[in-house]
Amino acid sequence: MEAHHQAFDFWCLTNIEETSLLKHAAKLEQVRDMLMKIDQDSLRSLELVDTIQRLGLCYHFKHEIEAILHRQHLAHTSNHCATLFEASLRFRLLRQHGCRVVADDFLGQFLRDGELKFGLVSETRGLMAMQEASHLNTGGEEILHEAARFSSCCLNNKAMIDCVDARVVKYCLSYPQHKTVAVFAAKNYLQFVNDENHHALRELAEFEFAYIDSLHKHEILRVVEWWKGLRVSEELKSSRNQPLKWHVWSMAILRDPSWSKHRIMLTKPISLVYVVDDVFDLYGTIQDLTHFTQAVKGWDSCASNELPSYMKTCFNAIYDTTNEISSFIYREHGWNPINFLKEEWGSLMDAFLVEAKWLRSGELVEAEKYLKNGVISTGVPMVLSHLFFLMGNPPTNQTQLLLNDPHGLTHSVAKLLRLLDDLEDEEEEEYDGSYVECYMKEGKVESREGAREHVMKMVSATWENINKHMYGFSSATHFSPCFTRACLNAARMVPAMYSYDKDHRLLLSTVAKSLLC
């Protein structure tokens, strides 16, 4: 009911013509009819589900997609796939939608003694599907490591790829479906949806892109209005002033249009993380930063009166915004998480203060000690705690243990950000603390390149841990499917924000600019 209500608000808000609304409804029914009538056991049904998923339209067709994948799961137990493409695609879609499937059961017949069976190295489409499937490794799945190695080797060998496939292959290698946010990649992917059978789907996607862009532009206006009202940028002239960039995080994390109000709310703590980070890096003395930390941890507005003016402004922004969000959650869901959120802010401030002391002293601590603190100082655990409650999850005795598990889902997303952010700083020579530096100091590698390779292995292992929690292979995961998907989207957003990969930066820049048009 809530989703329908918010969708109605959106249509009224954007003044979309009634004829366009009718056309949109007709296209929805046309695609739904396709899903209902297609042979659910067929390869075509898998391809249709994959296309819908890549275009970010799954939320319209949840029941129809579940029915198809249920039949596909049953079919696999009695009828193994005939081609590498079908096996890889079926495995990926089933795992992504919550089926506890084993990679060996799908890909084992195509891999022999660690090598692809003869002839498969020239099956470009199958190799791309295998490459996509390999990104869903939950750790310890050697067959998916083999699939990744061999498919990548073959796809990067230009002699094996004809010119017709080159553009598609590059897209597959640059933007794996599992690790790319749909809201970013969908428009690029649309160029590959040229099949006449998908004409209705293409038209629906184009309408959706315009509809969601319009909604996001409205949200950004609200965020900018809030941001200007804080007057933080007036106090902190050298601080980052990027509300559009900060809202892109929320757009990526919460894709469904029905989450519009929640996206606006989520952008607020995201924005404040960047602000407080700049306060600790660019402005405060250790003495003032210590008092600032104590004021936030004490949640005492009177204590903030003793702070410098810019710190008092920041404190008020944190205090007022957190109370605003808590009141919103109480109105929406009937419980107030203010006590939990105060603790999360206190943990973040402690982590920032520890880093500030390290940096000002020039101390290089042990790599693991640096990383443990650095996971908290990303702000990700604090932001995802806000998200947890915004999405309607109640505070329980287990909440704090789940959200603050150092090996859990939220901290794994934070670890991914910390590692890639540090690699980015190394690339751009903007040193403000680095896991690479700390690791090199321990003498476990002989070169900076060796340290970077070690970090990239850690990144891969962190992705595997995220997958383990995402797909139910960890007994410690008790989050709702909705929240775990949002955490996965946050992880997908990290490479776009922090990777030194120029393609990812271009993708993010293009999306941001489109929202200003």
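The values are calculated or read from the model by the stated rules, or taken from the named source; none is laboratory data. Owing to the predicted nature of the structure, the values given are computational and were not obtained by experimental measurement. Note: ideal-geometry Cβ built from the backbone for every residue, glycine included; neighbour counts use all protein chains shown. Protein only, heavy atoms only, side chains kept; ligands, DNA and RNA dropped before computing areas. Shrake-Rupley method; radii C 1.70, N 1.55, O 1.52, S 1.80 Å.
Listing for the model above:
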| read-out | value |
| --- | --- |
| Residue-wise HN-Hα coupling along segment 84-89, computed from phi with Karplus coefficients 6.51, -1.76, 1.60 (Hz; x: Gly, Pro) | 4, 4, 5, 5, 5, 5 |
| With eigenvalues of the C-alpha gyration tensor scaled by 5 and rooted, the chain, Å | 40, 29, 20 |
| Full-extension gain in nm, Asp104 to Glu306, via 0.36 nm per residue minus C-alpha separation | 66.4 nm |
| Karplus 3J(HN,Hα) series, Hz, for segment 364-376 with 6.51 cos²θ - 1.76 cosθ + 1.60 (x for Gly, Pro) | 10, 8, 4, 4, 5, 5, 4, 5, 4, 6, x, 4, 5 |
| Dipole-positive endmost among Thr19, Gly229, Pro394 within the chain (Cβ charges, Cα centre) | Thr19 |
| Restraint check, Lys23/Lys170; Lys217/Lys372; Lys228/Lys372; Lys245/Lys457; Lys179/Lys245, Cα-Cα greater than 26 Å | Lys23/Lys170; Lys217/Lys372; Lys228/Lys372; Lys245/Lys457 |
| All-pairs Cα distance distribution in segment 338-469, expressed in whole percent, bin size 10 Å | 12, 40, 32, 13, 2 |
| Exposed trypsin sites (Lys or Arg not before Pro) absent - longest run of the chain, DSSP non-H/G/I/E/B, at most 13 other C-beta within 10 Å | 238-443 |
| Apportionment of accessible area to carbon and sulfur, the chain, percent (1.4 Å) | 52 percent |
| Helix-only [θ]222 nm of the chain, DSSP H runs n ≥ 4, -39500 (n - 2.57) each, per residue, nearest 500 | -22500 deg cm²/dmol |
| Local electrostatic count, Asn241, Cβ distance below 14 Å [Lys/Arg +1, Asp/Glu -1] | +1 |
| Rounded, prolate or oblate (a/c below 1.5 giving rounded, otherwise prolate when a/b exceeds b/c) for segment 374-423 by Cα gyration tensor | prolate |
| Accessible-area value, Asp41, 1.4 Å probe, nucleic acids and ligands omitted, Å² | 60 Å² |
| Gyration tensor verdict on segment 213-372 (Cα atoms; rounded if a/c is under 1.5, prolate if a/b is larger than b/c, oblate otherwise) | prolate |
| Which listed pairs, of Lys415/Lys441; Lys312/Lys441; Lys268/Lys369, have C-alpha distances above 27 Å, in listed order | Lys312/Lys441; Lys268/Lys369 |
| Table column - 3J(HN,Hα) (Hz), segment 383-395, Karplus curve with 6.51, -1.76, 1.60, x for Gly and Pro | 5, 5, 5, 4, 4, 3, 6, 4, 7, x, 7, x, x |
| With at most 11 neighbouring Cβ atoms within 10 Å, loop GluC sites (Glu not before Pro) (DSSP) excluded, longest segment of the chain | 18-362 |
| Gain in span if fully extended, Asp39 to Asp195, counting 0.36 nm per residue against the direct Cα distance | 54.4 nm |
| Accessible-area value, Ile376, 1.4 Å probe, nucleic acids and ligands omitted, Å² | 40 Å² |
| Heavy-atom accessible area ranking, 1.4 Å probe, most first, across Met130, Met34 | Met34, Met130 |
| Alpha-carbon centroids, segment 434-448 and segment 28-63: separation in whole Å | 49 Å |
